[in-house]
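This report refers to the structure that appears directly beneath it.
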Amino acid sequence: MPPPITSNRVGPIATPRVSAREVQPPPTQPLQPAGKAEGWVAAGAARPRPQVATTVGKATPAPAPKHAAEIAPDVRRDLSTFEARKRLATDASQVNPISADPKIDNADRICAGAAAVNALILNSTTPEAAKANAEALRSAMGARHVELPASLDKQAINDALDHLAAGSPSMNDVFVLQQVAYAVGRRYAQKKEAKDGKPLDDGLNPAQLGGLIADLKARGATLDGNTQFSLSKQHWVAHVGAVTANSDQNVKIDSGAKLPSNKAWAGDVVLRADGVVEARTRTVRVGGADVDAAGYARAFELEPPKKDGLTRGFRFPIVPVDPNKAGDPAVSGVLLSKGDHLHQLNTAWAATVAGAAPAEVLK
């Protein structure tokens, strides 16, 4: 995947708390070839998108609708009404003072984390749901291999989670939670290094976002079949019911792009009625190349797909399992049979690159 693009993008004026530790943006590194049990779906990732660079203090993301009065970013919102939840989720930009801070600088690739947080907000329909969603993210944040930005204020993280649990996060809290969710998703990414030895950060692909969502659901988040995440134009957005939350208004998303039948569709994460989280993608990486259904058939000498105009792609199901409940008889059998979410993804990927999982029609 292409490396991040450094810029001076800024968001609504706010003062997040960050320390002075400097983190440089990662340079380019070539992709790793297939054949290992990491980085199994390279295609369809939310690659950095070129945007117009601006001088700090001279530009902001798209403003809130004119009919709505401006709300300061540090003002806490009451999530008890649908309109309040919708406004916060649809106004929260991934281009903000935290993501655009040179110490973090991930505004062009944090869309998956922003989409996950927007889904949690939209699904916080009761005080109990808000608390469950906050605690699910807090629990996931404490998992092994979650690496939060070193410059992100730890008290700000705790405050943001507390405010979501209370059903009253501010816009600044959302900016912090985007970083937390993105870091949890990155634990599912292959640990690649650039030429200078620093970690390469290249966004989340469908598998990695699927792992993040399975992790949150397993830990109690109130996400269900009413929630979907779609990838189009290298950008993730969340759909909850009739609401689409797009964290980057510079990317105009076709309303039909969440359907595989739409040419703009590149992948998605759906929550099935049986509780399984399913990552779906149009292409997979086999032998160092991204291949679609036809390419997969050629690579493994399979019967070519019919030319019927239907979209064929690949599914990677994940059974949400909470590692905190390993001693619970109700889930211990699942833990033993399915393992953790990364193991499930790698097992499915291994079968795919071995030619045992041909593409199928996605609807």
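Considering 340, 322, 292, 268, which residue is surrounded by 14 or more Cβ atoms within 10 Å (Cβ to Cβ) and in contact with a strand residue (DSSP E or B) (Cβ under 6 Å, 6 or more places away or on another chain)?
268
If residue 304 satisfies all but one of (1) under 17 Å from residue 217 (Cβ atoms); (2) without any contact (Cβ under 8 Å) to a residue 60 or more places away in the chain; (3) in contact with a helix residue (DSSP H, G or I) (Cβ under 7 Å, 6 or more places away or on another chain), what's the number of the condition it fails?
Result: residue 304 passes all but (1).
Among the numbered criteria (1) surrounded by 23 or more Cβ atoms within 10 Å (Cβ to Cβ); (2) over 15 Å from residue 110 (Cβ atoms), which one does residue 177 miss?
For residue 177, the exception is condition (2).
Check the stretch 81-102 and report whether any residue there is surrounded by 13 or more Cβ atoms within 10 Å (Cβ to Cβ), without any contact (Cβ under 8 Å) to a residue 24 or more places away in the chain and more than 22 Å from residue 216 (Cβ to Cβ).
Yes, the stretch 81-102 contains a residue that is surrounded by 13 or more Cβ atoms within 10 Å (Cβ to Cβ), without any contact (Cβ under 8 Å) to a residue 24 or more places away in the chain and more than 22 Å from residue 216 (Cβ to Cβ).
Quick check: is even one residue across the stretch 146-155 out of contact with any Leu (no Cβ under 6 Å at 6 or more places or on another chain), in a helix (DSSP H, G or I) and open to solvent by 20 Å² or more (accessible area, probe 1.4 Å)?
yes
Among what's in the stretch 295-319 and is open to solvent by less than 20 Å² (accessible area, probe 1.4 Å) and hydrophobic (A, V, I, L, M, F, W, C), pick the residue that is farthest from residue 363 (Cα to Cα).
Restricting to residues being open to solvent by less than 20 Å² (accessible area, probe 1.4 Å) and hydrophobic (A, V, I, L, M, F, W, C), the top hit is 297.
Read through the list (1) free of Cβ contacts under 8 Å to residues at least 24 places away in the same chain; (2) out of contact with any helix residue (DSSP H, G or I) (no Cβ under 6 Å at 6 or more places or on another chain); (3) open to solvent by less than 70 Å² (accessible area, probe 1.4 Å), then give the number of the only condition that residue 331 fails.
Unmet for residue 331, out of (1) free of Cβ contacts under 8 Å to residues at least 24 places away in the same chain; (2) out of contact with any helix residue (DSSP H, G or I) (no Cβ under 6 Å at 6 or more places or on another chain); (3) open to solvent by less than 70 Å² (accessible area, probe 1.4 Å): (2).
Quick one: in the stretch 156-176, which of the residues that are out of contact with any Pro (no Cβ under 6 Å at 6 or more places or on another chain) and outside any helix (DSSP H, G or I) is farthest from residue 98 (Cα to Cα)?
Only one residue fits best here, namely 166.
Residues are listed down the side, and each one gets a yes or a no for (1) assigned to a loop (DSSP other than H, G, I, E, B); (2) modelled with pLDDT of 95 or more:
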{"site": "214", "(1), (2)": "no, yes"}
{"site": "217", "(1), (2)": "no, yes"}
{"site": "222", "(1), (2)": "yes, yes"}
{"site": "230", "(1), (2)": "no, yes"}
{"site": "239", "(1), (2)": "no, yes"}
{"site": "262", "(1), (2)": "yes, no"}
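Which ones in the stretch 117-139 are among the β-branched types (Val, Ile, Thr) and assigned to a helix (DSSP H, G or I)?
Scanning the stretch 117-139 gives 117, 121.
Just one of (1) open to solvent by 30 Å² or more (accessible area, probe 1.4 Å); (2) of a type outside the set (Lys, Arg); (3) farther than 20 Å from residue 117 by Cα trips up residue 250, so point out which.
(3)
Only one of (1) in a helix (DSSP H, G or I); (2) open to solvent by less than 10 Å² (accessible area, probe 1.4 Å) fails for residue 107. Which number is that?
For residue 107, the exception is condition (1).
Of the conditions (1) touching a Phe, Trp or Tyr at 6+ places or on another chain (Cβ under 6 Å); (2) over 27 Å from residue 355 (Cβ atoms); (3) part of a strand (DSSP E or B), residue 257 satisfies every one except a single condition; which number is it?
Evaluating residue 257 over (1) touching a Phe, Trp or Tyr at 6+ places or on another chain (Cβ under 6 Å); (2) over 27 Å from residue 355 (Cβ atoms); (3) part of a strand (DSSP E or B) leaves (3) as the failure.
Of the conditions (1) assigned to a loop (DSSP other than H, G, I, E, B); (2) modelled with pLDDT of 95 or more, residue 179 fails just one. Which one is it?
With (1) assigned to a loop (DSSP other than H, G, I, E, B); (2) modelled with pLDDT of 95 or more applied to residue 179, the lone miss is (1).
Considering (1) farther than 23 Å from residue 352 by Cβ; (2) in contact with a Phe, Trp or Tyr (Cβ under 9 Å, 6 or more places away or on another chain); (3) not basic (Lys, Arg), say which one residue 249 fails and leave the rest.
All conditions pass for residue 249, except number (2).
The values are calculated or read from the model by the stated rules, or taken from the named source; none is laboratory data. Everything numeric in this text was worked out from a predicted model, so none of it was measured. Here Cβ is always computed from backbone atoms with ideal geometry, including for glycine, and neighbour counts include all displayed protein chains. Side chains are part of the model used for accessible areas, which takes the heavy atoms of the whole protein and leaves out ligands, DNA and RNA. Shrake-Rupley method; radii C 1.70, N 1.55, O 1.52, S 1.80 Å.
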